Amino acid sequence: MINSVTTIANADLRLAANQKAWPTQSRVENVLSGLFADMGVSTHRAHPFDPEKQHGFIDSQYRGMEVFRSINPNRALVVINTTWQYSHHILHGLLSHRAPILTIANFSGQWPGLVGMLNLNASMRKAGIPYSTLWSVNFDDEFFIDGLKTWLKDSRLIPDQRHVRSPEQSETGSTEWNLGGAIGRAIRTEKTIVGVFDEGCMGMYNAIIPDAILNRTGVFKERLSQSALAYATQLVTDDEADAIRHWLENRGMTFHTGTDPDTDLTDDQIRTQLKMYIAAGRLADEFGCEAIGIQYQQGLKDVLPASDLAEGLLNSTDRPPILSAGSAREIRSGRAIPHFNEVDECAGVDALVTHRVWSELSFDPATTLHDVRWGDMWGDEFVWVFEISGAAPVEHLRDGYRGASSMRQPPMYFRLGGGTLRGVCKPGHIVWSRVFLEDDRLCCDIGTGRVLDLPDEETNRRWHATNYEWPIMHAVLDGVSRDQMMGRHPSNHVQVAYAPDAAAARNAMLAKSGALSAMGVEIYFCGVPSPGSL
């Protein structure tokens, strides 16, 4: 029986982000302290509020090491998440902690804590650190209270994984699985390259695949410096970037611009973002990269506007043409240059496999990762809010470019501005998936789902509860509840791609699974009924 716990609060490394998130963190910690006290459990916060920084978060790896030096490794530890957190700030201490570990998040889209917790959970899973996890909107529901009592009594929580199963023989012997298998074997035999513009972004230890494991799949990294991308961006002319903007505006895309670069999306910011789009395409072409990943917020934020607009365009098959430098040769005409946001290498493997499989099936191959950002009930269904600031392709948006717009990224994260490829994702059927690492094995959770077309009023409510500047997807995951997803999902990210209908989505899921399996990835179907039950 646990009767005393140590608590810590990990977060961002950016001062403004931590200051804005602190009031929510403080409120949640007070609620949880009261709950522990009511259950007869004493709490000790391992690090104080910093009056100079005006927050009480662990905000660097060095600070995390300072904090863990004072923590008794034999005392139960609770990590309280209400905002995005960089896992490497505390992973070192968790690796050597001997007592039970519990992660808790507020189920809110505001900062967001649940996304940070999923990142931390996935990082611990990759590192082989035992943990339990809980989440709640208000910390007064039966699920949370019962879960907390169980953890205090048993020192662990076992997540509900009844929705997870391995593929059956009838599935691994199907035509679709075999079609994918041929694609996967070709990748493994012929090999391919993903371009990595500096890895380890945003503290996502879970997003890094060690070379020795990745290379067995046939995928190899071309390690590229973001300084090379910044330099290549400078070499693109104003005329080239302006031609891209005219192309986008002629297709119907709207740019919400202003004149104050500190708070508005300006014409100069857009021009630089479109130069980055051209530069990234040229570098992918130069190094023969099938897919590329840019570090997003931390890598370039001090020297260039946000990479988000470039990322979304790269992931679109219907995208502005990029000509090779000094020639009239168009780079990959009519094809996307798959981009994995935040250099999430697990998503990069998923994206390149998706492109090959969907193309072989003659489906639209446009794909993206999203944050598992938040969700709420709509009618009798739980509908997730999937959002990502960069990488969502225009093919996923309702009304395409006519439904697309670009708004400035929040100044608290992006001093130099820049906008996104923003819109509401269209209704339809999807395959969702996540490649992840466990016990030095590459695995993949995969299932099907639907994207709903919610009323504008509900869409705007959800948008304003998260990030209004980002593209949004209203997703229902077939056969997977909210709490099953939270307890099992091995990442803060989820990969999605559309299929023409429900039957096609199931076939595409089988083909993609076959491809990944042939590359040595272990497959888990989530929410997918057994063929014998259909």
key: Every residue from region 249-283 that is without any contact (Cβ under 8 Å) to a residue 24 or more places away in the chain and either part of a helix (DSSP H, G or I) or in contact with a helix residue (DSSP H, G or I) (Cβ under 7 Å, 6 or more places away or on another chain) (or both)   = GLU249, ASN250, THR257, ASP267, ASP268
task = Just give me the residues in region 384-425 being surrounded by fewer than 24 Cβ atoms within 10 Å (Cβ to Cβ), more than 24 Å from ASN492 (Cβ to Cβ) and touching a helix residue (DSSP H, G or I) at 6+ places or on another chain (Cβ under 8 Å), in sequence order.
result = GLY400, TYR401, LEU416
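A quick yes/no check of all residues on (1) without any contact (Cβ under 8 Å) to a residue 24 or more places away in the chain; (2) surrounded by 14 or more Cβ atoms within 10 Å (Cβ to Cβ):
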| position | (1), (2) |
| --- | --- |
| PRO130 | no, no |
| LEU134 | no, yes |
| ASP141 | yes, no |
| GLY147 | yes, yes |
| TRP151 | no, yes |
| SER155 | no, yes |
| ILE158 | yes, no |
| GLN161 | no, no |
key: Filter result (charged (D, E, K, R), in contact with an Asp or Glu (Cβ under 6 Å, 6 or more places away or on another chain) and within 12 Å of HIS474 (Cβ to Cβ)) within region 376-434   = GLU387
ask   = Quick check: is even one residue across region 179-192 among the aliphatic types (A, V, I, L, M) and under 29 Å from LEU91 (Cβ atoms)?
value = no
inquiry  = Let me confirm something: among TYR131, TYR231, TYR205, which residue is modelled with pLDDT of 95 or more and within 30 Å of GLY40 (Cβ to Cβ)?
reply    = TYR131
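Are any of the residues in region 176-190 surrounded by fewer than 13 Cβ atoms within 10 Å (Cβ to Cβ) and more than 27 Å from GLY423 (Cα to Cα)?
Among the residues of region 176-190, at least one is surrounded by fewer than 13 Cβ atoms within 10 Å (Cβ to Cβ) and more than 27 Å from GLY423 (Cα to Cα), which makes the answer yes.
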ask   = Quick one: would you say ALA284 is assigned by TED's automatic domain parsing to the domain that holds ARG408 and surrounded by fewer than 22 Cβ atoms within 10 Å (Cβ to Cβ)?
value = no
request  = Would you mind telling me which numbered condition in (1) within 20 Å of PHE436 (Cβ to Cβ); (2) in contact with a His (Cβ under 7 Å, 6 or more places away or on another chain); (3) not in a strand (DSSP E or B) VAL494 fails?
outcome  = (3)
ask   = Restricting to helices (runs of 4 or more DSSP H) lying wholly in region 112-220: which have 1 or more residues that are in contact with a Ser or Thr (Cβ under 6 Å, 6 or more places away or on another chain) and more than 30 Å from TRP463 (Cα to Cα)?
value = 142-154
inquiry  = Just to confirm my filter: which strands (runs of 3 or more DSSP E) fall fully inside region 367-439 and include at least 1 residues that are under 20 Å from ILE337 (Cβ atoms) and modelled with pLDDT of 95 or more?
reply    = 367-378, 428-438
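Does HIS246 satisfy the criteria of being loosely packed, with under 14 Cβ neighbours inside 10 Å, in the same structural domain as ARG441 (by TED's automatic domain parsing) and in contact (Cβ under 8 Å) with a residue 40 or more places away in the chain?
Numbers: loosely packed, with under 14 Cβ neighbours inside 10 Å: yes; in the same structural domain as ARG441 (by TED's automatic domain parsing): yes; in contact (Cβ under 8 Å) with a residue 40 or more places away in the chain: no.
Here the answer is no, as HIS246 does not meet what is asked.
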message = Which count do you get for residues in region 474-495 that are under 17 Å from VAL137 (Cβ atoms) and either under 15 Å from the mean Cα position of the chain (by Cα) or surrounded by 21 or more Cβ atoms within 10 Å (Cβ to Cβ) (or both)?
response = 2
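Could you check region 460-473 and list, in sequence order, the residues that are part of a helix (DSSP H, G or I) and surrounded by fewer than 17 Cβ atoms within 10 Å (Cβ to Cβ)? Before the answer, list the steps.
Here is the first cut: in region 460-473, the ones part of a helix (DSSP H, G or I) are 460-464.
Within region 460-473, ASN460, ARG461, HIS464 qualify.
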Matching residues in region 287-298 - criterion: being surrounded by 24 or more Cβ atoms within 10 Å (Cβ to Cβ) and assigned to a helix (DSSP H, G or I) = none
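The values are calculated or read from the model by the stated rules, or taken from the named source; none is laboratory data. Just so it is clear, the model here is predicted, and its values are computed rather than measured. Positions of Cβ are generated from backbone atoms using ideal geometry, with glycine treated the same way; all protein chains shown enter the neighbour counts.
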